[in-house]
1. Residues of segment 229-252 being touching a strand residue (DSSP E or B) at 6+ places or on another chain (Cβ under 6 Å) and assigned to a loop (DSSP other than H, G, I, E, B), which ones?
2. Looking at T93, T53, T61, can you tell me which residue is within 22 Å of the chain's Cα centre (by Cα), on the phi < 0 side of the Ramachandran plot and open to solvent by 50 Å² or more (accessible area, probe 1.4 Å)?
3. Looking at L371, L329 in this structure, which one is part of a loop (DSSP other than H, G, I, E, B) and modelled with pLDDT of 85 or more?
4. Which one is farthest from Y173 (Cα to Cα) among residues in segment 265-281 that are in a strand (DSSP E or B) and open to solvent by 10 Å² or more (accessible area, probe 1.4 Å)?
5. I want to confirm something. Restricting to segment 282-321 and keeping residues that are under 30 Å from E135 (Cα atoms) and in contact with a strand residue (DSSP E or B) (Cβ under 6 Å, 6 or more places away or on another chain), which single residue is surrounded by the fewest Cβ atoms within 10 Å (Cβ to Cβ)?
6. For K262, are the conditions met, namely being under 24 Å from Y211 (Cα atoms), open to solvent by 30 Å² or more (accessible area, probe 1.4 Å) and touching a Phe, Trp or Tyr at 6+ places or on another chain (Cβ under 8 Å)?
7. Would you mind stating whether T306 is at pLDDT 85 or above, of a type in the set (S, T, N, Q), over 20 Å from I48 (Cβ atoms) and part of a strand (DSSP E or B)?
8. Can you tell me which residue in segment 239-259 is surrounded by the most Cβ atoms within 10 Å (Cβ to Cβ), limited to those that are among the β-branched types (V, I, T) and in contact with a Leu (Cβ under 7 Å, 6 or more places away or on another chain)?
Amino acid sequence: MKKIFTLILFAVCCTTTFSVVAQNGQFREYNGEVLEEGSNKSLALATISIENTNISTITNTDGEFSLKVPLTTKNAQVIIAFLGYETKSIPLTTLNQKNNKIHLKVAVTALEPVNINAPKDAEKLVREVLSKKGEHYLDAPSIMTAFYRETIKKRRRNVSLSEAVVNIYKSPYASDKNDAMRLYKARKSTDYNKLDTVALKLQGGPFNTLYVDLMKYPEYIFAGGLVDEYRFKYEGSTLIDDRQIYVIAFNQLESIADPLYKGKLYIDVENKTLASAVYQLNITDREKASRLFVRRKPAQVDVWPTEVAYRVDYREKNGKWYYGYSNILMEFKVNWEGKLFNSLYSMAAEMAVTDWKQNTEQQNLKNKEKLKRSIILADEAIGFSDPDFWGEYNIIEPEKSIESAIKKIQRQIKRANKNGAAKP
């Protein structure tokens with residue numbers, strides 16, 4: 001089995017940094033929340049985009065969003081889309097800069113046989129989708145701007161937040177050439193004191209989320225003979241962005257002992273393209289699963305994953321699909337020798353493409369500019385600084401729990417600085 005990435009590094013360290021973020025005046029920012037009509041349930045991971053542009057963002061786990069639009073963009077339509085809901089289009093001029101409430105209707109998913117025919121062979125459909133990546137996905141080099149965030153929690157307490165804006169030099173989907181990335185700017189807020197003597201670090205940074213692009217990197221899940229190690233099943237249909245979608249469930253065969261994956265593929269009925277995928281690792285063997293992820297740890301500590309889940313969403317423009325968003329959620333138990341209770345840690349990473357353009361001039365990164373696949377972003381970031389820069393980029397709004405953690409750390413730093421200044 002090929003693993004998607006190497007995830008954790010255990011070490012002992014302690015650092016705390018934070019400062020306030022400001023904005024400049026080259027754009028207008030719109031804030032709000034996407035909700036389900038009727039129930040007012042928050043809709044996490046809804047896509048908000050400007051029609052006929054490549055500008056977009058994603059709602060956070062609380063359904064909240066912040067969309068920054070250049071002042072030169074006028075009379076535009078804002079498109080709000082979410083899996084299983086009717087897509088909504090509203091004029092940008094009708095949005096307030098704060099407290100927008102956008103409601104989406106649940107789409108009718110029980111489609112009649114006359115409207116949609118169930119695939120007779122789900123596995124054959126999946127093979128067809130994978131074989132057509134050069135036909136339906138971006139067929140020219142492109143440069144994408146993406147926002148990346150990773151968080152680490154000990155139980156429910158946030159202990160580390162790292163964020164970055166990266167440039168993805170994406171090769172055509174039919175090409176075997178790997179994508180390259182450049183780290184444009186990064187910042188962090190960490191409080192490793194809460195981790196006692198263990199600090200979890202995510203190795204690979206944005207590459208972890210980039211490799212969840214299943215259509216560009218199918219070798220991590222389905223390439224070659226690996227398709228034969230899964231069972232595929234049609235489970236109905238739904239809508240994404242007002243498109244009819246097949247829902248194909250998959251799981252590894254019972255005869256396969258190694259930990260593989262299970263989940264659902266959302267396939268566009270008309271074009272036979274993958275619009276979204278949600279899947280997770282089958283932790284069939286705790287020791288094998290641990291070896292997939294743990295790079296280094298103290299000898300007196302046992303570490304194993306209890307959940308590893310993934311999601312990737314694709315977007316379409318002018319008949320071509322491309323990577324738009326992905327996330328990873330990992331939960332681990334850490335057991336110190338001689339301690340009665342285990343510690344529970346969770347790590348989450350997500351990346352959203354907020355703008356992109358064709359690489360018509362065939363720009364390439366120099367080796368010294370390329371982001372290393374072994375990067376630990378928390379070690380590269382320099383703290384929450386450079387406010388003028390961060391103000392102009394679309395980012396994923398932080399959860400309320402993350403905001404509270406950052407504010408708490410900020411207060412601690414202010415007190416520490418005040419006490420330090422008072423000393424003779």
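1. Once the filter is applied, which keeps residues that are touching a strand residue (DSSP E or B) at 6+ places or on another chain (Cβ under 6 Å) and assigned to a loop (DSSP other than H, G, I, E, B), segment 229-252 yields only D241.
2. Just one listed residue meets the conditions, T61.
3. L371
4. Kept after step one, since they are in a strand (DSSP E or B), are these residues of segment 265-281: 265-268, 274-281.
Then drop every residue that is not open to solvent by 10 Å² or more (accessible area, probe 1.4 Å), which leaves 266, 278, 280.
Details: Y266: 19, V278: 20, Q280: 24 Å.
The qualifying residue farthest from Y173 (Cα to Cα) is Q280.
5. Applying the filter and picking the extreme gives A309.
6. Working: under 24 Å from Y211 (Cα atoms): yes; open to solvent by 30 Å² or more (accessible area, probe 1.4 Å): yes; touching a Phe, Trp or Tyr at 6+ places or on another chain (Cβ under 8 Å): yes.
Yes; evaluated as a whole, the condition is true for this residue.
7. So T306 passes the test.
8. Step one: filter segment 239-259 for residues among the β-branched types (V, I, T), giving 240, 245, 247-248, 256.
Now narrow it down to the ones that are in contact with a Leu (Cβ under 7 Å, 6 or more places away or on another chain): 240, 245, 248.
Numbers: I240: 22, I245: 27, I248: 23.
The residue in question is I245.
The values are calculated or read from the model by the stated rules, or taken from the named source; none is laboratory data. Here the structure is a predicted model, which means the values were calculated and not measured. Cβ sites come from the backbone with ideal geometry, for glycine too, and all protein chains shown count toward neighbours. Surface accessibility is based on the protein's heavy atoms, side chains included, excluding ligands, DNA and RNA. Shrake-Rupley method; radii C 1.70, N 1.55, O 1.52, S 1.80 Å.
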